[in-house]
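The values are calculated or read from the model by the stated rules, or taken from the named source; none is laboratory data. Note that the structure is predicted; figures quoted are calculated from it, not measured. Every residue, glycine as well, gets a Cβ built from its backbone with ideal geometry; the counts of neighbours run over all protein chains shown. Only protein heavy atoms, including side chains, enter the accessible area calculation; ligands, DNA and RNA are left aside. Shrake-Rupley method; radii C 1.70, N 1.55, O 1.52, S 1.80 Å.
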Amino acid sequence: MKHLSKFLVVVLLLVGFNGLQAQDENNPWQISFGVNAIDVYPTSDNSTSTNLPAYETGSLFSEFFNANDHWNILPSISYVSVSRYIGDGFSVGARGSLNRIDNLGDVSVDDLSHYAIDGTIKYNILKDTKLDPFVEIGGGYTWVDEIGAGTVNGGVGLNYWFSDNLGVTVQTQYKHAFEDYGVKHFQHLAGLNIRFGGTDTDGDGIYDKDDACPEVAGLEAFNGCPDSDGDGIEDGKDSCPNAAGSKEMNGCPDSDGDGIADKDDACPNEAGIAALAGCPDADGDGVADKDDSCPSEAGPAENKGCPWPDADNDGVLDKDDQCPQVAGTVANNGCPEVTEEVQKQLNDYARTILFDTGKASIKAESTSVMVDIIQILSEYPTAKFTVEGHTDSVGSAKLNQSLSEKRANSVRDFLIDKGIGSDRLTAIGYGEDKPIATNKTRAGRTQNRRVEINLVK
């Protein structure tokens with residue numbers, strides 16, 4: 001039995017000290033110190049030791065609270081314990097205590113010394129509360145006046161925590177001696193508890209274990225995460241962590257109250273619409289006022305929000321009007337159409353063009369006629385014409401064909417030289433093939449020697 005008790009004590013102590021290396025939660029370490037009281041009386045144990053005075057005790061728990069007659073108290077710090085939390089409410093540790101025995105059961109004795117060292121396994125019944133009851137078992141070795149014996153211990157206690165780190169404790173335990181000469185007794189303890197060892201990397205008062213942002217100081221309300229702009233939304237969920245905003249805007253401000261966060265609002269100080277990135281559109285033309293050259297008048301985006309002009313008021317917008325400065329018709333893309341009257345007038349002028357005899361050179365006296373023709377052609381800038389040369393039947397057909405072509409080209413070249421677009425004019429000679437009068441009379445032949453300018457339809 002003697003060797004068994006010593007083996008058990010060593011095992012319990014090793015469990016206690018090795019447990020100190022276990023993984024922990026917040027403030028895993030606890031140091032307690034205070035006073036202890038030894039009571040031998042309520043143990044149903046009578047002395048069998050030859051080295052101690054004979055004594056008698058009451059039945060188990062009799063006069064358990066009789067401190068005046070039976071308790072032995074050393075008026076100083078008389079115990080120190082250290083323990084470490086290992087999880088699920090369990091802690092392991094070790095405790096050392098000393099005392100002076102004046103009452104051995106119902107016998108007064110003269111200053112017997114008392115020393116004990118114990119290993120403990122403690123279970124805290126409630127977790128994360130100020131009032132913290134617990135039960136404890138363990139074992140150790142106790143010396144009374146140099147008589148040592150192994151003990152197995154069991155007890156209950158209560159902690160009260162003023163803060164996460166500081167509290168008080170009271171507990172009582174029964175220590176049963178293995179050896180017949182050992183002294184069975186109750187030990188009561190009261191003292192101060194100090195807890196420590198929790199890791200708080202960012203120093204925000206929230207331990208890393210419970211800190212969702214252990215590297216950045218934060219608030220308890222956000223599990224240790226910061227709220228840099230103080231808008232009540234933690235930075236990790238705040239789309240604008242450095243600018244106070246609303247929950248509706250995911251923590252971003254909306255200065256103009258248009259329901260678009262400033263960070264997404266191209267016009268943060270003017271209420272606008274989402275379709276235009278938060279900018280207003282006063283004329284409702286789909287062009288933001290800031291980009292609208294005519295913000296009070298609706299117009300297309302391609303014209304910077306302004307309506308297309310119609311300079312000649314012909315009903316064809318300038319952008320589609322091939323003759324924006326001259327009134328025309330929709331059918332002719334805004335350009336005027338050559339009427340039959342105009343066509344007749346044009347040919348009336350063209351038929352009076354005079355050439356040197358047998359040549360393609362235009363006589364000087366035809367200059368005024370050419371000016372009239374140019375004026376008409378200029379009024380129809382998109383119309384295309386053919387310049388046609390004709391002759392009478394005098395002479396060979398080959399010569400007449402050549403002469404008609406040259407005269408047609410001579411007129412075309414003159415018109416181009418005076419500004420009529422070359423792409424608008426083509427020249428063709430018909431020789432004597434298309435007479436408009438008889439070639440048998442002088443008057444008829446004069447009519448057949450002509451130039452016509454006809455609209456290409």
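Please pick out the residue among ILE101, ILE38 that is closer than 20 Å to THR151 by Cβ, modelled with pLDDT of 95 or more, over 60 Å from the mean Cα position of the chain (by Cα) and among the hydrophobic types (A, V, I, L, M, F, W, C). Residue meeting the stated conditions: ILE38. For the stretch 254-272, the condition of being of a type outside the set (D, E, K, R) and assigned to a helix (DSSP H, G or I) holds for none of the residues.
Quick grid of which residues meet (1) open to solvent by less than 70 Å² (accessible area, probe 1.4 Å); (2) closer than 30 Å to ARG412 by Cα:
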position: GLY259; (1), (2): yes, no
position: ALA275; (1), (2): no, no
position: ASP281; (1), (2): yes, no
position: GLY315; (1), (2): yes, no
position: CYS335; (1), (2): yes, yes
position: PHE355; (1), (2): yes, yes
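Of the residues making up the stretch 179-219, just one is part of a helix (DSSP H, G or I) and either free of Cβ contacts under 8 Å to residues at least 60 places away in the same chain or farther than 20 Å from ILE86 by Cα (or both), namely ASP208. Checked against (1) touching a strand residue (DSSP E or B) at 6+ places or on another chain (Cβ under 8 Å); (2) within 16 Å of PHE186 (Cα to Cα); (3) small (Gly, Ala, Ser), GLY58 passes all but condition (1).
In the set (1) open to solvent by less than 30 Å² (accessible area, probe 1.4 Å); (2) in contact (Cβ under 8 Å) with a residue 40 or more places away in the chain; (3) over 30 Å from TRP29 (Cβ atoms), the condition left unmet by HIS70 is number (2). Could you grab me the full set of residues in the stretch 125-160 that are of a type in the set (Val, Ile, Thr) and surrounded by fewer than 22 Cβ atoms within 10 Å (Cβ to Cβ)? Matches in the stretch 125-160: ILE125, THR129, VAL135, ILE137, ILE147, VAL152, VAL156. The condition of being over 58 Å from the mean Cα position of the chain (by Cα), free of Cβ contacts under 8 Å to residues at least 40 places away in the same chain and surrounded by fewer than 17 Cβ atoms within 10 Å (Cβ to Cβ) holds for only one of GLN345, GLN325, that being GLN345. Taking every residue in the stretch 375-387 that is of a type in the set (Ser, Thr, Tyr) and pairing it with any residue that is not in a loop (DSSP other than H, G, I, E, B), at least 6 positions away or on another chain, the pairs with Cβ-Cβ distances below 7 Å are THR386/THR426; THR386/ILE428; THR386/ASN454. Number of residues in the stretch 166-178 that are within 21 Å of PHE61 (Cα to Cα) and open to solvent by 10 Å² or more (accessible area, probe 1.4 Å) equals 6. Would you call LYS319 open to solvent by 40 Å² or more (accessible area, probe 1.4 Å), over 30 Å from TYR380 (Cα atoms) and among the basic types (Lys, Arg)? No. If you filter the stretch 293-313 down to residues that are outside any loop (DSSP other than H, G, I, E, B) and either aromatic (Phe, Trp, Tyr) or open to solvent by 60 Å² or more (accessible area, probe 1.4 Å) (or both), you find that the one that is nearest to ARG412 (Cα to Cα) is GLU302. If you check GLU379, GLU365, GLU388 for being touching a strand residue (DSSP E or B) at 6+ places or on another chain (Cβ under 7 Å) and of a type outside the set (Val, Ile, Thr), only one passes: GLU388. Selection of the stretch 313-322 for residues being within 18 Å of GLU302 (Cα to Cα) and touching a residue at least 60 places away in the same chain (Cβ under 8 Å) yields an empty set.
Look at (1) buried (at least 17 other Cβ atoms within 10 Å of the Cβ); (2) among the small types (Gly, Ala, Ser); (3) at pLDDT below 90 and you find that GLY203 fails only one, number (1). Take the conditions (1) over 60 Å from the mean Cα position of the chain (by Cα); (2) in a strand (DSSP E or B); (3) farther than 19 Å from GLY148 by Cβ; SER76 misses just one of them, which is (2).
A single entry from SER163, SER76 fulfils the requirement of being open to solvent by 50 Å² or more (accessible area, probe 1.4 Å) and without any contact (Cβ under 8 Å) to a residue 12 or more places away in the chain: SER163. Yes or no: PRO226 open to solvent by less than 40 Å² (accessible area, probe 1.4 Å), free of Cβ contacts under 8 Å to residues at least 24 places away in the same chain and over 22 Å from ALA212 (Cα atoms)? It is false that PRO226 is open to solvent by less than 40 Å² (accessible area, probe 1.4 Å), free of Cβ contacts under 8 Å to residues at least 24 places away in the same chain and over 22 Å from ALA212 (Cα atoms).
I'd like to know if the stretch 319-337 contains one or more residues that are closer than 30 Å to ARG449 by Cα and not basic (Lys, Arg). Yes; the residues of the stretch 319-337 include at least one that is closer than 30 Å to ARG449 by Cα and not basic (Lys, Arg). The single condition among (1) open to solvent by 20 Å² or more (accessible area, probe 1.4 Å); (2) touching a Leu at 6+ places or on another chain (Cβ under 9 Å) that VAL107 does not satisfy is (2).
Count of the stretch 229-252 residues, restricted to those that are open to solvent by 30 Å² or more (accessible area, probe 1.4 Å), within 30 Å of ASP281 (Cα to Cα) and in contact with a Ser or Thr (Cβ under 8 Å, 6 or more places away or on another chain), is 2.
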